[in-house]
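Peer 1: Just passing along the structure, written as structure tokens.
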2 protein chains.
Amino acid sequence: MFSRFKRILIGRPLSSQYLAHEKLPKWKALAVLSSDAMSSVAYATEEILIPLSIFALAAMSWSMPVALAIATLLTIVTISYRQTISAYPSGGGAYIVARENLGTYPGLVAGAALLIDYILTVAVSIAAGVAAVTSAFPSLVEHKPVLAIVFVLLITVTNLRGLQESATVFAYPTYLFIFTLYGLIAYGAWRLFAGDAIAAAPIIHETYPEIPLFLGLRAFSSGCAALTGIEAISNGVTAFQSPVDKNAKATMAWMSFILATLFLGVTLLAHAYGVKPDTLGGETVISQLTRAIAGEGKFYYLVQGCTALILILAANTAFTGFPMLASLLAKDRFLPRQLASLGDKLVFSNGIIGLAGAALFLILLFRVDTHALVPLYAVGVFLSFTLSQTGMVVHHLKERGDGWLRAIFFNGLGATTTFVVLCVIAITKFTHGAWVVVIVIPLMVYGFTRVLNHYLAVGEELSLAKASAPGRLEKLRHTVIIPISGVHRGVIDALRYAISISEDVRACYVELDPVSTERMQAEWNRWAHEVPLVILKSPYRSVITPIVDYINDVDQVTHNEMITVIIPEFVTAKWYHRLLHNQTAFLIRAALSFRKGKVVTSIRYHLKAT
Amino acid sequence: MFSRFKRILIGRPLSSQYLAHEKLPKWKALAVLSSDAMSSVAYATEEILIPLSIFALAAMSWSMPVALAIATLLTIVTISYRQTISAYPSGGGAYIVARENLGTYPGLVAGAALLIDYILTVAVSIAAGVAAVTSAFPSLVEHKPVLAIVFVLLITVTNLRGLQESATVFAYPTYLFIFTLYGLIAYGAWRLFAGDAIAAAPIIHETYPEIPLFLGLRAFSSGCAALTGIEAISNGVTAFQSPVDKNAKATMAWMSFILATLFLGVTLLAHAYGVKPDTLGGETVISQLTRAIAGEGKFYYLVQGCTALILILAANTAFTGFPMLASLLAKDRFLPRQLASLGDKLVFSNGIIGLAGAALFLILLFRVDTHALVPLYAVGVFLSFTLSQTGMVVHHLKERGDGWLRAIFFNGLGATTTFVVLCVIAITKFTHGAWVVVIVIPLMVYGFTRVLNHYLAVGEELSLAKASAPGRLEKLRHTVIIPISGVHRGVIDALRYAISISEDVRACYVELDPVSTERMQAEWNRWAHEVPLVILKSPYRSVITPIVDYINDVDQVTHNEMITVIIPEFVTAKWYHRLLHNQTAFLIRAALSFRKGKVVTSIRYHLKAT
């Protein structure tokens, strides 16, 4: 029944031969791998405005210079990552680059930071998507947690159906969002210059009031949320059609260009139209801006719809990346090995389910509040940027390929810049939640090393390398014990199995009432006299203890290597009938399960009775 | 680890030879078997006063006549039950008496009614006990559910430790309660007659205002809660020292006498001191009465403490009776047979745990409110009284022993009276919750018959009676399949076991990566070349499906009666390391568990690695 349900939910399994078909053309790859980065346009401007507006409304004029600084940072990081794509055409995530060039521990730190960021990508995107919906329909504000749960489940199921289908599903909304937002920006700009804007605010002040440096840096840190997710393309290079290198680099450049223009456009217009972040009512900046530019007509609902859609789908970037990274870590034996294996579908089902659970936990913990989640987000992102770019510098130093000096310059610039930003974020956002990440990353790295050590110890223990030279496999000396509660068809089946697998079979029966024993003994002599039967007394009237004691006695007497306990069990026609049977089997199994040299085998008798 | 925890919690197991020591002297039996009946003094008066006081405060003067009617009823039922003790010295619960004399269905109705009442005894007693505590300490009112949970757990654990210890634990508080309450009544009466009572109310009106008959009957019905639990002694006759008959009858008489005098005394004084039920604040009548008589000194806290204690311990009556009744029903195959067996201790652990769970559910469902639970209580009690007494009338008609006419008179009087009371309760309390019981009892009887029918059908199916004449037990034709993931010590152990139990052993390996397959094949040839190895392709990259398909193929080719799948599994040194292993074994077991002719056996390799 479960497998049928699973089939309905996630479709038929895909054969390996379809793997080649999973490769994505550039336009699809852009949509699938960059929805996270694109979608940050929906909240990055707001994150800049909030700290400024809390200080003073006039301070909001600093938003444009801050946004320009972030766009510059984006350009530097993009150039740096394009070099990574060339150097690692098989997928150069921060984990791989840092591990290969800087060593195991930096690699694990990058891996931990990335795992956290994938989870936070889902959490932040879903929270912001819910905010887009509730901005348009304020009556839904109380149902935020329900909306968040529905969205996470929806996207999880879609991903379990496989990458190819994901790409198709996610491509259209990403483009719809991009074009709608360009449309909004163009219309907003045209109205401004045509002079018919209703905007009450003074159009673009040139006055920049004095603000504390710390405040400016905090606004910058918050806005750096715009950069999250841009590494997805360099991690997912293998998903591109060939020529992989060229296609991925081109896609990376396009993504950064679109992201930068949308982000700058929205920030500029938000300022021009005098939009203030609504920290009490929770209406998003995008929602306010669209209403100010285009009124509350169909276009308003189109923008809100697209924004909600891209935000919710942005979580998909993480659903593509997280299981891949978990699988890499698992193949290196830093995570449980089941995460390394492909499921029935060509995606890593285990990782997807784990990601959905963790993200949902965070979303509900932070009451579906984007603004509360963002500070946790940026530390990990810039930590992995820094490690990845530093790793690239070392890579070029070792390889010294064509244009290695130029490559070192750009990666070095990227590493230095992102490291400075990392320090700024860690300091300005420490008390806002960044401290959590600072604690969790070392804990995760410790966990990774513990898992590796366990697997290494197990491998050592199981290895045949130090075993003596192999001869023939030897048979075990072997005794079978069958505890019975009477003589019936189920017991006869179990006895036939027992005499098939050993010459030394013993049955035992716990006497709770001497009258029953006599009747049972007579039946036994009639049906199963070939097998010796031992009657066990039970002074404490327990059924289990005498059987376990008897097994231990036999063990000591025979000195055999193995004792198999065969238990006749019933499989009932209706599941709830199980409650009426099999208690004894369960208890014997529990009592013996951790003993060495004991095997417990159930011989099942299938009941038709209802 | 679990068994160690169990041992600490419930003590060492008792041997059968201690059974004789479990017999109770009269003074202990009185305490253990009558704490339920006695404790109803704590709430019965209040239950009478509530409906009267809601109608009119003056109507409360009817409480004494109503209490006298209930005391008369108590006397009739006591005489009737003393005859049951004589007729059924091995324990004559309503189930036994009704089933033997009236037939299976009346017996099952009585059984269902009693099971419900045992559960409600625990629920009502704990709720009233919590009310006694919160009357003395009003600040605890918000923590009622926590108090209730703690009390239920406490009493459950105490009962799991065995009957003997229960008797000792429960004897002293019962007597303390009896003597304290007699002290309170005596002091209250003395202060009244000495004339220094502060009581503002007119001392004992002789005016009885006109009230509707229905109201009087409802007050009477509510007060009948005083009779709950008095059948416990006749059910538990076997717990008495010999001469069983005489001791039990004497104890029964003493119990009724003490109960009647305490109940009448409290009702009389509550009226004389003008105590009104506090339906809003929740202070109990006993608490108000004690404060009025003795002030809020040490004696007040002693009375509240004793009352709370006896109420909480009253639940013990049910903890003695419920598992015994469940075991009787289970022996007659109306309940799952595991309920019939004794646990490691001389009590029926399964029944005790079931009772505690059900009672806790009701307590929390009704928000720890005695008054809400009492209406559910009385229907079942008087239903079982009626069936039991009617059964006794039929018994005497059949036996015609010494004094059978006199016996029929008293049992007939008992049956008629309790039947009338049953009708009164069912009518006056129907809308207050009695309807639930009226629905649940037939459902339970239906359930009992379904369980019986299942066991009868299984017995028929398993029976060898119609089988052909027995010859020698024949061996099975038998194939062993071992799925492996590599060659290591665990696999070698499993292979040795496999060749020990069958001549036809086949190993299989799922190929996920051709390079690993080659290495594996080389290892196999070195260590296990005697066993044929089949490499299974996995186009869908699932590990489980190819193995299950292969097993089915072998099944069809060999036409053997049985296929054993041997799975090498690991037992890890630390429980949480299980997360790092054994996924495949679990999935294969799940896929095959309901197939006929397939046995799945795990050969466990005990890892030392940490």
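The values are calculated or read from the model by the stated rules, or taken from the named source; none is laboratory data. As the structure is a prediction and not an experimental result, all values here were calculated from the model. Cβ: placed from backbone, ideal geometry, glycine included. Neighbour counts: every protein chain shown. Please note that ligands, DNA and RNA were not included when accessible areas were found on the heavy atoms of the full protein model with its side chains. Shrake-Rupley method; radii C 1.70, N 1.55, O 1.52, S 1.80 Å.
Peer 1: Would you call B:Ile603 in a strand (DSSP E or B), touching a residue at least 12 places away in the same chain (Cβ under 8 Å) and either hydroxyl-bearing (Ser, Thr, Tyr) or more than 8 Å from chain A (Cβ to nearest Cβ) (or both)?
Peer 2: no
Peer 1: Inspect all residues belonging to region B:558-565 and state whether any of them is facing chain A (nearest Cβ under 8 Å), without any contact (Cβ under 8 Å) to a residue 12 or more places away in the chain and in contact with a helix residue (DSSP H, G or I) (Cβ under 7 Å, 6 or more places away or on another chain).
Peer 2: Within region B:558-565, none of the residues are facing chain A (nearest Cβ under 8 Å), without any contact (Cβ under 8 Å) to a residue 12 or more places away in the chain and in contact with a helix residue (DSSP H, G or I) (Cβ under 7 Å, 6 or more places away or on another chain).
Peer 1: Let me ask another. Of the numbered conditions (1) modelled with pLDDT of 90 or more; (2) in contact with a Cys (Cβ under 7 Å, 6 or more places away or on another chain), A:Leu383 fails exactly one; give the number of that condition.
Peer 2: Exception for A:Leu383: condition (2).
Peer 1: Pairs under 7 Å by beta carbon, first residue over 26 Å from B:Ile501 (Cβ atoms) in region A:497-521, partner assigned to a helix (DSSP H, G or I) and polar (S, T, N, Q), six or more apart or different chains?
Peer 2: Listed by first residue and then by second, the contacts come to A:Glu511/A:Thr517.
Peer 1: Among residues belonging to region A:195-222 that are acidic (Asp, Glu) and either closer than 21 Å to A:Val381 by Cα or modelled with pLDDT under 75 (or both), point out the one that is surrounded by the fewest Cβ atoms within 10 Å (Cβ to Cβ).
Peer 2: Out of the qualifying residues, it is A:Glu206.
Peer 1: Hey, another quick one. For residues in region A:431-440 being assigned to a helix (DSSP H, G or I) and under 15 Å from A:Ala225 (Cα atoms), which is most open to solvent (accessible area, probe 1.4 Å)?
Peer 2: A:His432
Peer 1: Being open to solvent by less than 10 Å² (accessible area, probe 1.4 Å) and touching a residue at least 60 places away in the same chain (Cβ under 8 Å) is the filter here; which residues of region B:568-600 pass it?
Peer 2: Correct list: B:Ile588 only.
Peer 1: Inspect region A:283-292 for any residue being modelled with pLDDT under 90, touching an Asp or Glu at 6+ places or on another chain (Cβ under 6 Å), within 22 Å of A:Val368 (Cβ to Cβ) and not acidic (Asp, Glu) and give the result as yes or no.
Peer 2: no
Peer 1: I'm trying to understand the selection: among the residues of region B:519-531, which are among the acidic types (Asp, Glu) and more than 11 Å from B:Gly486 (Cα to Cα)?
Peer 2: B:Glu530
Peer 1: Could you please let me know if B:Leu176 is closer than 30 Å to B:Ser388 by Cα, modelled with pLDDT of 85 or more, open to solvent by 10 Å² or more (accessible area, probe 1.4 Å) and not in a loop (DSSP other than H, G, I, E, B)?
Peer 2: Taking the combined requirement at face value, the residue does not satisfy it.
Peer 1: Any idea which residue in region B:482-522 is nearest to B:Ile551 (Cα to Cα), counting only those that are touching a helix residue (DSSP H, G or I) at 6+ places or on another chain (Cβ under 6 Å) and among the aliphatic types (A, V, I, L, M)?
Peer 2: Looking at residues that are touching a helix residue (DSSP H, G or I) at 6+ places or on another chain (Cβ under 6 Å) and among the aliphatic types (A, V, I, L, M), I get B:Ile482.
Peer 1: In addition: Condition test on A:Phe334, is it at pLDDT 80 or above, over 21 Å from A:Met38 (Cα atoms), within 14 Å of another protein chain (Cβ to nearest Cβ) and open to solvent by 10 Å² or more (accessible area, probe 1.4 Å)?
Peer 2: Criteria met by A:Phe334.
Peer 1: Residues to consider are A:Leu355, A:Leu329; find the one that is modelled with pLDDT of 85 or more, more than 14 Å from chain B (Cβ to nearest Cβ) and within 23 Å of B:His577 (Cα to Cα).
Peer 2: The unique qualifying residue is A:Leu355.
Peer 1: Looking at (1) in contact with a helix residue (DSSP H, G or I) (Cβ under 8 Å, 6 or more places away or on another chain); (2) under 17 Å from B:Gly274 (Cα atoms); (3) of a type in the set (A, V, I, L, M, F, W, C), which one does B:Ala56 not meet, given that it meets all the others?
Peer 2: (1)
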